[in-house]
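In what follows, a structure is listed as structure tokens, so that the remarks can point back to it.
Since every read-out is calculated from the coordinates, none of them should be taken as a lab result. Everything quoted here is computed from the prediction, not taken from an experiment. Neighbour counts are summed over all protein chains in view; Cβ atoms, including those assigned to glycine, are modelled from backbone coordinates with ideal geometry.
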Amino acid sequence: MADEPLTQRKRNAIVAAVLLAITLIASLASILPFVGVTSIGQLGGAFGRVGAAYSQGLLWLAGYTGIIGFSLLIALWVVYLVRVLWLARRKTNRSWRIYEAALALPLVVALLVPFYVPKPVKLPLPPLPDAQQVWREGLIRPSFTDNLDPALSTSGNIYSIDQLVFPGLVRLDKNSRVQNWAASKVQLGQDGHSYTFTLHPSMAWSDGAPIGAEDFAYSINRTLDPCTKSPTVSYLFPIKDASAFSSQQCDSGKVSGAISTLIGHSLLIVDPKTLTIQLERPTPSFPAQLTYPTSWAVPRKLVDKYGAEWAKHLADNGGIGGDLFKMTTLDFDHRIVLQRNEHFWGAKPILREMDFTMYPGNVDASHSAMYTAYVGGDREVTTLDNAAVASASLRPDYHTSEALFLQYFSVNWATPPFDDLRMRQAFALALNKEKLTQDQTFCGACKATNHLVPSGMPGYNPNLKGPDGTTTLTGNVARARAAAQSYANDKCSGTFSQCPPITFRFPTDFQTIMQEVKGMWADALPGYPITLQPAQFDSSYFDSIVQIYWSPWVADYPDPQDFLSLLFLPGAGVNFGNVDLPAATTLMRQADAELNPSKRLNAYNQAEQFLVTNVASIPIIQGQNAYLLRPDVVNFQGSPGGVTSDTWQRMYLGKL
């Protein structure tokens, strides 16, 4: 057949090119809902209420665009099939057939792309009106304090409120990483002996008074002041001369000693918005330590006016706050209310109000009351105690998140038989930790572990091995018995009953599960004399240390130093087990000062492995946060460090 005229070929080429362009555009439109809409929502949420509404519009536009694009693809495919059938019934030119064949491939690909995406991203709910953005939550009132002073904070529930009211130089993000907060820029000195913090220029308290470098210097110095009597003052000891300043005497409300203040000494106000903090030595964990409330800014005018009772006046005269919210109602026994801080320097929270109902008294009764209020629709979220987890876990609104919380059986290295590695390993390997997690009173939402640095913490080592060189969590009874028998042959005339008797201390609430623990030890070491000692877990629990005792540890800040050096360096204040392992000590001290992040975490990993192999302590379980969350809550994310400031900033209540 003769070739078609040139003009006809050009016309066919133009038609084919147009169809190809339409196909590509329709392909992109059809996959828009599957790619990137989560980022759109997060980007909008970062800009507060207006951004959330704007991003919501983009998300719905993406959804409708995808429907239109996919419909157009179907139509093009139908046209293509009809065209092919029509051409098959008549003779046609070769060039048009080539163009038709060229169109087939992108059409097929475009139609198949959406089906290879695992599932569409669920579009977030649109936000409720501002007047309805009220968060309602129950908190258990700490029995030992009614003070919201950040310098005195030791309670997780107090922390939850304080972080919403008092600004910190840095904060934790949802992945437990340190992020800039009140400081827009953080600069490490060349020699590692200082940090310089540049504050956001528009920072202000809720009454409009500016927040500057002087506020942070004053607040840090106040925490270290011996007259404040902060129980967590040691978290600021990396600051130059902080320990010496804090250990001085308080005479009639004034510091008595050689150092009257650290302001101008190691707390240097460079200009109204720049603060330099000088350190004793390079301390890479220092930014993480600043996420603890001891360094957060407090309103000096209240402290000057009311002294030690200043925090009880946070709600006076309309309230005060320097972070996302301000305090407007403060009744520690009943209700605490926070309102959005319109002077907050960054993206303002979408939530307008935070309404906390306080539950004093019995913890079990308080959890039950909070659960009832949640089921009745009067709370957005409720935490769960161990006993409620089994039944609550069947609900569709049940959630868990990692918690930086470990429970151990700590051993006293200074007292026989645990001054011998064989017996430490024997008692560790005799335990079936997986079986212990089945006890709801002891565990609830938790998981068995061999780790001293918990999962969810920077520096967690997934390749860690237990004392027997394996990753087993069910014990190794044969290895335990062999190690114990070797010790008995050397020290006890070959008979377990002749070995040094052991006292095992634990809280009274755990008597049932500890009987099971004793049974596991009896199976591996038959006849070994073990006495159970239930005790109240209060301030006197650690006054005297027995051979082995239950012990918990909750992260104060997310750094391996908090779980290793703080607990296991010789002479550390809470090294109650008298652990002294030179190889691990060298690595921990090296890591504590190492400025290279990868080298630092590698040294901590090696130290942890030495400590686990030599049984510095017997980690049993890592806790998890278990909670119920209403389906209309958008952008809520539990994290190892609790609900973080950046989550509160973008979270909102949606319209179902």
Self-check item: Residues of segment 257-285 with amide N under 17 Å of the 7 Å Cα→Cβ point at C227
Solution: 257-263
Practice problem: Per residue of segment 523-532, in order, report the coupling 6.51 cos²θ - 1.76 cosθ + 1.60 (Karplus, θ = phi - 60°) as ³J(HN,Hα) in whole Hz, putting x for Gly and Pro. | Solution: 5, 7, 10, x, x, 6, x, 10, 10, 7
Quiz item: Which FRET efficiency value, to the nearest 0.05, do you get for A583 and D251 by plugging their Cβ-Cβ distance into 1/(1 + (r/R0)^6) with R0 = 56 Å?
Solution: 0.80
Quiz item: Want the number for L123 to T512: 0.36 nm per residue separation, take away the alpha-carbon distance, what's left?
Solution: 135.3 nm
Practice problem: At 7 Å along the Cα-to-beta-carbon direction for both A535 and D333, put a label point, then send me their distance in nm to one decimal. | Solution: 3.3 nm
Quiz item: Based on the alpha-carbon gyration tensor of segment 548-656 and its eigenvalue square roots a ≥ b ≥ c, which shape applies: rounded if a/c is under 1.5, prolate if not and a/b is larger than b/c, or oblate?
Solution: prolate
Quiz item: Using a ≥ b ≥ c from the Cα gyration tensor of segment 593-639 (square roots of the eigenvalues), is it rounded, prolate or oblate, where a/c under 1.5 gives rounded and otherwise the larger of a/b and b/c decides, a/b for prolate?
Solution: oblate
Self-check item: Whole-Å semi-axes of the ellipsoid equivalent to segment 401-624 (Cα gyration tensor, √5λ, descending)
Solution: 27, 20, 17
Self-check item: Karplus (6.51, -1.76, 1.60) ³J(HN,Hα), θ = phi - 60°, over segment 407-421, in Hz, Gly and Pro reported as x
Solution: 10, 10, 10, 7, 10, 8, 5, 8, 10, x, x, 7, 7, 10, 4
Quiz prompt | Cα-Cα over 31 Å, subset of K254/K312; K185/K305; K240/K599; K174/K433 | solution = K185/K305
Practice problem: Grab the other residues whose beta carbon is less than 13 angstrom from that of M520, score K and R as +1, D and E as -1, and report the net. | Solution: 0
Practice problem: At 7 Å along the Cα-to-beta-carbon direction for both D304 and D191, put a label point, then send me their distance in nm to one decimal. | Solution: 3.5 nm
Exercise. Using amide H atoms built 1.01 Å from N in the peptide plane, name the residues 5+ places from G654, or on other chains, whose amide H lies under 5 Å from its own.
Key: L128, V633, V634
Quiz item: Could you put T586, T274 in order, starting from the residue whose Cβ has the fewest other Cβ atoms within 10 Å?
Solution: T586, T274
Exercise. Could you tell me which of rounded, prolate or oblate describes segment 292-372, using a ≥ b ≥ c as the square roots of the eigenvalues of the alpha-carbon gyration tensor, with rounded for a/c under 1.5 and, failing that, prolate when a/b is larger than b/c and oblate otherwise?
Key: oblate
Exercise. Report relative contact order for segment 306-461 in percent, whole number only (criteria: Cα-Cα under 8 Å, sequence separation at least 6).
Key: 13 percent
Self-check item: Projected label distance in nm at N596 and Q132, using a 7 Å step from Cα toward the beta-carbon
Solution: 5.7 nm
